[in-house]
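Structure first, commentary second.
The values are calculated or read from the model by the stated rules, or taken from the named source; none is laboratory data. Being a predicted model, the structure only gives us computed values, none of them experimental. Cβ placement follows ideal geometry from the backbone for every residue including glycine, while neighbour counts extend to all protein chains displayed. Ligands, DNA and RNA are stripped out before the accessible areas are found, and what is left, the full protein with its side chains, is counted by its heavy atoms. Shrake-Rupley method; radii C 1.70, N 1.55, O 1.52, S 1.80 Å.
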Amino acid sequence: MAWVPAESAVEELMPRLLPVEPCDLTEGFDPSVPPRTPQEYLRRVQIEAAQCPDVVVAQIDPKKLKRKQSVNISLSGCQPAPEGYSPTLQWQQQQVAQFSTVRQNVNKHRSHWKSQQLDSNVTMATVTSVLEYLSNWFGERDFTPELGRWLYALLACLEKPLLPEAHSLIRQLARRCSEVRLLVDSKDDERVPALNLLICLVSRYFDQRDLADEPS
């Protein structure tokens with residue numbers, strides 16, 4: 001087997017992306033002075049890489065590995081609705097049917113937008129990112145009608161099957177809605193139907209049945 005220089009072997013595994021001429025590692029190197037050109041920056045990266053050891057060994061305490069290690073994953077469902085707050089099964093079925101119609105219209109318009117190259121920036125990653133932002137925001141604040149409209153619109157834009165991240169986010173959303181519902185003083189509060197609606201859509205349309213409200 002032919003001998004391969006160490007530098008060539010490394011470059012075979014990690015091909016060089018930018019053409020950089022070899023630098024003189026003995027030249028003065030002052031890390032406090034910022035590079036003035038892209039070439040100087042790349043040469044500085046070379047120098048810093050050359051100063052790193054070829055092999056690094058982590059110092060691990062074996063006693064710590066013997067301890068039991070566990071990861072807690074929350075699989076809890078929604079908080080049960082207070083007496084008189086839970087929607088009927090018929091109401092939930094009606095909301096799912098109406099939501100399905102809304103999603104069909106969204107998909108129809110989405111096909112048109114794609115043909116016109118108008119939705120190049122509206123990707124599932126964008127929808128998920130906005131949903132994550134609003135879910136985190138909701139986790140620290142009260143529910144508002146404006147927030148409800150945003151969340152409804154984002155759920156209508158989610159494509160099935162759900163990505164794992166979206167799956168986790170909508171479950172988080174339903175649980176938060178159930179927590180806020182517990183704090184509402186009256187079942188006649190306008191927030192109750194909106195919170196029930198979001199829980200209903202997550203649990204019954206997106207098949208997270210363990211989060212569904214028991215019909216009143």
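Observations on the structure shown:
- Our coupling estimate for segment 172-187, obtained by passing each phi through the Karplus curve with A = 6.51, B = -1.76, C = 1.60 and θ = phi - 60°, is 4, 5, 4, 5, 5, 4, 5, 5, 5, 4, 4, 8, 6, 6, 10, 5 Hz, Gly and Pro reported as x.
- Between the residues Pro145, Leu195, Pro161, the greatest Cα displacement towards the positive end of the dipole of segment 129-202, with unit charges on the Cβ of Lys, Arg, Asp and Glu, is found for Pro161.
- In order through segment 79-95: 3J(HN,Hα) via Karplus (6.51 cos²θ - 1.76 cosθ + 1.60), integer Hz, x for Gly, Pro: 6, x, 5, x, 4, x, 8, 6, x, 6, 5, 4, 4, 5, 5, 5, 5
- Computed over segment 88-216: relative contact order in percent, which uses C-alpha pairs under 8 Å that are six or more apart: 32 percent
- Net +/- balance of residues flanking Ser100 in space, Cβ distance below 12 Å, scoring K and R +1, D and E -1: +3
- Accessible surface calculations at 1.4 Å, restricted to protein heavy atoms, place segment 86-209 at 57 Å² per residue.
- Model label points for Gln51 and Val33, set 7 angstrom from Cα along the Cα-to-Cβ axis, are 1.4 nm apart.
- Only Lys, Arg (+1) and Asp, Glu (-1) charged, at Cβ; segment 127-216 dipole about Cα centre in debye: 180 debye
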